[in-house]
1. For the subset of region 29-62 comprising residues that are in a loop (DSSP other than H, G, I, E, B) and touching a residue at least 60 places away in the same chain (Cβ under 8 Å), which member is nearest to D94 (Cα to Cα)?
2. Out of everything in region 11-27 that is touching a residue at least 40 places away in the same chain (Cβ under 8 Å) and in a loop (DSSP other than H, G, I, E, B), what residue ends up being nearest to D94 (Cα to Cα)?
3. What number of residues in region 54-70 are on the phi < 0 side of the Ramachandran plot and surrounded by fewer than 20 Cβ atoms within 10 Å (Cβ to Cβ)?
4. Could you tell me whether G18 is within 23 Å of A123 (Cα to Cα), surrounded by 14 or more Cβ atoms within 10 Å (Cβ to Cβ), of a type outside the set (A, V, I, L, M) and touching a Cys at 6+ places or on another chain (Cβ under 6 Å)?
5. Could you tell me whether R8 is at pLDDT below 95, among the charged types (D, E, K, R) and either touching a strand residue (DSSP E or B) at 6+ places or on another chain (Cβ under 9 Å) or part of a loop (DSSP other than H, G, I, E, B) (or both)?
6. Has region 75-96 got any residue that is without any contact (Cβ under 8 Å) to a residue 24 or more places away in the chain, acidic (D, E), surrounded by fewer than 18 Cβ atoms within 10 Å (Cβ to Cβ) and out of contact with any helix residue (DSSP H, G or I) (no Cβ under 8 Å at 6 or more places or on another chain)?
7. Restricting to region 97-124, name every residue that is assigned to a loop (DSSP other than H, G, I, E, B) and surrounded by 12 or more Cβ atoms within 10 Å (Cβ to Cβ).
8. Quick check on R51: is it among the basic types (K, R) and under 14 Å from L97 (Cα atoms)?
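The values are calculated or read from the model by the stated rules, or taken from the named source; none is laboratory data. As the structure is a computational prediction, the values presented were derived from the model and not from experiment. With ideal geometry, Cβ positions are generated from the backbone for all residues, glycine too; neighbour counts draw on all protein chains shown.
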Amino acid sequence: MTPRIDDRGREFDERPWGVYVVLDDAQPDHKVKRINVEPGKRLSYQSHAQRSEHWFVVAGLGKVTIDGVEHMVDPGQSIDIPQGAAHRCENVGDVPLVFIEVQHGSYFGEDDIVRFDDDFGRAGS
């Protein structure tokens with residue numbers, strides 16, 4: 001999956017679970033994305049060695065798992081993912097789950113993802 005550029009010049013990519021758009025990546029210590037997860041879909045259970053994440057829910061209903069502990073999140077709520085923590089987000093509602101992800105750290109490449117479990121056959125990558 002190779003990211004593309006939208007009509008506003010922003011990086012985006014379609015994934016099996018939905019789509020993300022990079023809103024800001026001009027600074028070396030953080031990156032901001034808008035993530036849309038389709039109903040019934042979930043991201044891989046994964047970790048990152050070089051970044052933490054902060055998720056702010058804009059729309060929909062999500063179930064976030066961090067190191068095996070489940071948390072329900074509604075619009076207006078946020079949750080922090082510590083660097084190195086295993087995590088995933090699942091859309092448990094019937095409308096798209098939309099959240100803003102603020103990554104903070106020293107590296108933001110997609111190759112800093114270790115997938116432990118994935119509904120789309122990408123575990124171990």
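1. Our first condition is that a residue be in a loop (DSSP other than H, G, I, E, B); within region 29-62, this holds for 29, 38-41, 43-44, 48-50, 60-61.
Add one more test, that the residue is touching a residue at least 60 places away in the same chain (Cβ under 8 Å), and what stays is 29, 41, 44, 48-50.
Numbers: D29: 35, K41: 10, S44: 20, H48: 29, A49: 33, Q50: 33 Å.
That would be K41.
2. W17
3. Taking region 54-70 as the starting set, the residues that turn out to be on the phi < 0 side of the Ramachandran plot are 54-59, 61-66, 69-70.
Of the ones still in play, those that are also surrounded by fewer than 20 Cβ atoms within 10 Å (Cβ to Cβ) are 54, 56, 58-59, 61, 63, 65-66, 69-70.
So the answer is 10.
4. Working: within 23 Å of A123 (Cα to Cα): yes; surrounded by 14 or more Cβ atoms within 10 Å (Cβ to Cβ): yes; of a type outside the set (A, V, I, L, M): yes; touching a Cys at 6+ places or on another chain (Cβ under 6 Å): no.
Judged against the criteria, G18 is not a match.
5. On the way: at pLDDT below 95: yes; among the charged types (D, E, K, R): yes; either touching a strand residue (DSSP E or B) at 6+ places or on another chain (Cβ under 9 Å) or part of a loop (DSSP other than H, G, I, E, B) (or both): yes.
Yes: the conditions hold for R8.
6. First, pick out the residues of region 75-96 that are without any contact (Cβ under 8 Å) to a residue 24 or more places away in the chain: 75-77.
Next cut, acidic (D, E) only: none.
Checking region 75-96: not a single residue is without any contact (Cβ under 8 Å) to a residue 24 or more places away in the chain, acidic (D, E), surrounded by fewer than 18 Cβ atoms within 10 Å (Cβ to Cβ) and out of contact with any helix residue (DSSP H, G or I) (no Cβ under 8 Å at 6 or more places or on another chain).
7. Step one: list which residues in region 97-124 are assigned to a loop (DSSP other than H, G, I, E, B), which gives 106-109, 113, 118-124.
Passing the criteria: Y107, F108, I113, D118, D119, F120, R122, A123.
8. On the way: among the basic types (K, R): yes; under 14 Å from L97 (Cα atoms): no.
Here the answer is no, as R51 does not meet what is asked.
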